[in-house]
């Protein structure tokens, strides 16, 4: 994993940890948080696909060397490319879940704001 990708993953996780759903936040704060997460996700799309492609290329390489598909996948999963791909994929999934939570929480805040 390149230092830039690792930094972006850390920034995403820090953004997720920074929002507390137990204390009221402004709608603007939630919007900007979701926008920061979307920006980071946009950046991670390329490295995520690159890491996945390298993993699949290794699987094909092992199959061409005579391994079964299951053995080739197992050997390829032991490499850093698979680990990088899965780490990026997990961070992206957490960010997407956070954005959905922010959207839900924003609606609740708007209702509460309109009733007070």
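Just so you know, all these numbers are worked out from the coordinates, no wet-lab data involved. Note that the structure is a prediction, hence the values are computed from the model and not measured. Neighbour counts run over all protein chains shown; Cβ positions are idealised from the backbone, glycine included.
A few comments on the model shown:
- For 86, 10, the sequence from fewest to most other C-beta atoms within 10 Å is 10, 86.
- The slack between residue 87 and residue 69, meaning 0.36 nm per residue of separation minus the straight C-alpha distance, is 4.2 nm.
- Normalised by the number of residues in the chain, the average gap of Cα pairs under 8 Å and 6 or more apart makes the relative contact order 38 percent.
- Cα long-axis angle, helix 27-64 against the chain (0 to 90 degrees, to the nearest 10): 10 degrees
- Fewest neighbouring Cβ atoms within 10 Å first, the residues 62, 56 line up as 56, 62.
- Computed from Cα positions, the angle between helix 80-115 and the longest principal axis of the chain comes to roughly 20 degrees.
- Sum of -39500 (n - 2.57) over DSSP H runs of 4+, divided by residues of the chain (222 nm, nearest 500): -30000 deg cm²/dmol
- A Förster radius of 22 Å, combined with the Cβ-Cβ distance separating residue 14 from residue 49, puts the computed FRET efficiency at roughly 0.40.
- Its convex hull of Cα atoms gives the chain a direction-averaged projected area, equal to a quarter of the hull surface, of 8.3 nm².
- The order of 33, 76, going from fewest to most other C-beta atoms within 10 Å of their C-beta, is 33, 76.
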